[in-house]
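As structure tokens, the structure follows; a few thoughts come after it.
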Amino acid sequence: MPGSVLAGDLSVLEKKGQQIYFTGESPSGRPIEAFFGAARVPISGSLAVCSSCHGYDGLGRPESGIDPTNITWNHLTKSYGHIHNGTKHPPFSETSLRKFLLEGTYPGGKSASPDMPLYLMAEEDLAALVAFLKKLGTLRDPGLDEDVIRIGTILPSAEPMAGKADLAEKALRNSFGQVNRSGGIFGRQIELSVYRFGYGQDSIAGLRAWLSENNLFALVSPFVPGYEVHFQEVVALLDIPVVGPFTLYPPLGFRENRQTFSLQPGVYSQMLALQVYVAKSKLVSAPKVAMLYQASDENKKVFEGLEEQWRVTPWKLLFNEALPSSPEKLDERLYQLKREGVEVVVYAGLADQLKYLMNYMARVKWSPLVLAPGSLAGDVLLSGPKEVANRLILAYPSLARDRRPEALAELNRFIGGAGGDLANIQALVSAYVSMKLTAEVLRQCGRDLDRRKFIAALEKTYKYDSELMPPITFTRNRRVGTDGIYVVRRSSIGPGEEPDIQADWFVSEMRN
């Protein structure tokens, strides 16, 4: 648009005002109140969001019998003023706009309609909101040109994941290419930028520099194993939308990063769901619990959150700790857990350590329930010791049964048939579903596109059927697409018998 500026060029004060305009909440956490109608009924500012009436661009489109006005700065300050329902008033200035927001009086002293709420907010927040309103209607988000939408993805460069990353990049390029050959998104072509993430001391600094320099509209299916917490900090700071990060460690709460839309629940939500499943199934009653994890920043953060949640349940949490790596120290720690009468072990870490735990249980005849995310468990469910086979309960966000043959065949065509058994390539499936969802939501936004509209459209996603995983739903307060897990168990078996695998879809409140 003529005279537009990048939203990323906003000052610190204007960015604070942008948050208030779009959320009704102060960046500092201070209260913002709104007062509605002739009676001036008080409600939270988050229920009287400016953008909900005046729009992401401030133009104010009529809806449901309400005709909100254009509040762009050029319009508010027109030299000849304004007429509203027969009431004429002079143009606004910064001072008169502040008074209008607080008192509901136009320049010149006439009262505005009670349909426009009054606001009570701190002076600093008011100054920030007015500063942003002066830029409203002139903003152009990063990654948008007249004929291009720039989308980015981040994939690992090192083995053993580099091979899968190559396939994911191929799937993304070819599937976005198909969109472009069909006319693009309302005349715009999707341009994909790929960053190959390396591992080292400056990994996150390099990623942050790439994101800052490349002017991207959104990220699709980024994959940064081992650096998830740091990655979320960077994208939250840069305020960039993220669709379908391939990770077991999405943000733990909606407010932690509302720009990120995860397709499926991570370790934290899986563990909470397993706890609810076990409690409802009455497999144990108020058990003694040990939460054990393989040392990492991501696991530590997850288990700190689990500890806070589980403290308010009847379950008796005795331990929450990273396991030692040496077999001797690990044996000592597991012996102590057995001696303390631990009845449920919650574990997150690599399959080798989980297999060691199961073998130890069989060796010492100790049989607690073991709850673990299936994505990290490898083949332990089938290859673990038969004596304790039925004590392992795994959580999977999706299974091969969710993937329809025709959808897998289409995905395989996009990668030139190089995928082999696609049913077992989680990262590739996740990338492909993220791309399809992103393209669909971009189409819904139309030509008049920006990040806020994109996010608002994502929030209206309801039971989106990718044909490759359970249906995906997002709302304004929900950033995890699927609302359940598969609970997978194996029965005890005798010599020569085939293992009986049971998989039940369990819907539980997802916390991330």
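The values are calculated or read from the model by the stated rules, or taken from the named source; none is laboratory data. None of the values given here were measured: they were computed from a predicted structure. Ideal geometry is used to build each Cβ from the backbone, glycine not excepted, and the neighbour counts take in all protein chains shown. Each accessible area value is taken on the protein alone, full model and side chains, heavy atoms only, with ligands, DNA and RNA left out. Shrake-Rupley method; radii C 1.70, N 1.55, O 1.52, S 1.80 Å.
General remarks:
- The stretch 208-227: number of residues that are under 21 Å from the mean Cα position of the chain (by Cα) and over 20 Å from residue 173 (Cβ atoms): 5
- Residue in the stretch 53-73 that is surrounded by fewer than 17 Cβ atoms within 10 Å (Cβ to Cβ) and assigned to a helix (DSSP H, G or I) present: no
- Scanning the stretch 446-475 for residues that are surrounded by fewer than 19 Cβ atoms within 10 Å (Cβ to Cβ), over 19 Å from residue 235 (Cα atoms) and either under 11 Å from the mean Cα position of the chain (by Cα) or not aliphatic (A, V, I, L, M) (or both) yields 446, 447, 448, 460, 462, 463, 464, 465, 467, 471, 473, 475.
- Residues satisfying the stated conditions in the stretch 156-165, i.e. more than 19 Å from residue 414 (Cβ to Cβ) and either open to solvent by 20 Å² or more (accessible area, probe 1.4 Å) or hydroxyl-bearing (Ser, Thr, Tyr) (or both): 157, 158, 159, 160, 161
- Test result for residue 34, within 24 Å of residue 113 (Cα to Cα), touching a Pro at 6+ places or on another chain (Cβ under 6 Å) and open to solvent by less than 20 Å² (accessible area, probe 1.4 Å): yes
- Residue selection: residue 192 fails the criterion of being under 30 Å from residue 16 (Cβ atoms) and not polar (S, T, N, Q).
- Members of the stretch 332-388 found to be open to solvent by 40 Å² or more (accessible area, probe 1.4 Å), in a loop (DSSP other than H, G, I, E, B) and in contact with a Leu (Cβ under 8 Å, 6 or more places away or on another chain), listed by number: 340, 343, 350, 378
- Positions within the stretch 389-408 being part of a strand (DSSP E or B), open to solvent by less than 10 Å² (accessible area, probe 1.4 Å) and closer than 17 Å to residue 470 by Cβ, in sequence order: 394, 395
- Answer residue from the stretch 6-26, given it is without any contact (Cβ under 8 Å) to a residue 24 or more places away in the chain and either in a loop (DSSP other than H, G, I, E, B) or aliphatic (A, V, I, L, M) (or both) and is least open to solvent (accessible area, probe 1.4 Å) among those: 25
- Residue check for residue 270: of a type outside the set (A, V, I, L, M), open to solvent by 10 Å² or more (accessible area, probe 1.4 Å) and touching a helix residue (DSSP H, G or I) at 6+ places or on another chain (Cβ under 9 Å): no
- Test: residue in the stretch 96-103 that is in contact with a Ser or Thr (Cβ under 7 Å, 6 or more places away or on another chain) and open to solvent by less than 70 Å² (accessible area, probe 1.4 Å): no
- Given (1) open to solvent by 20 Å² or more (accessible area, probe 1.4 Å); (2) more than 28 Å from residue 250 (Cα to Cα); (3) in a loop (DSSP other than H, G, I, E, B), index of the condition residue 223 fails: (2)
- The selection criterion, being touching a Ser or Thr at 6+ places or on another chain (Cβ under 8 Å) and either at negative phi or surrounded by fewer than 23 Cβ atoms within 10 Å (Cβ to Cβ) (or both), does not hold for residue 144.
- Among the residues of the stretch 461-491, those identified as farther than 17 Å from residue 259 by Cα, in contact with a Gly (Cβ under 9 Å, 6 or more places away or on another chain), part of a loop (DSSP other than H, G, I, E, B) and touching a residue at least 40 places away in the same chain (Cβ under 8 Å) are 469, 470.
- Considering residues of the stretch 166-183 that are within 25 Å of residue 239 (Cα to Cα) and touching a residue at least 24 places away in the same chain (Cβ under 8 Å) only, the residue most open to solvent (accessible area, probe 1.4 Å): 169
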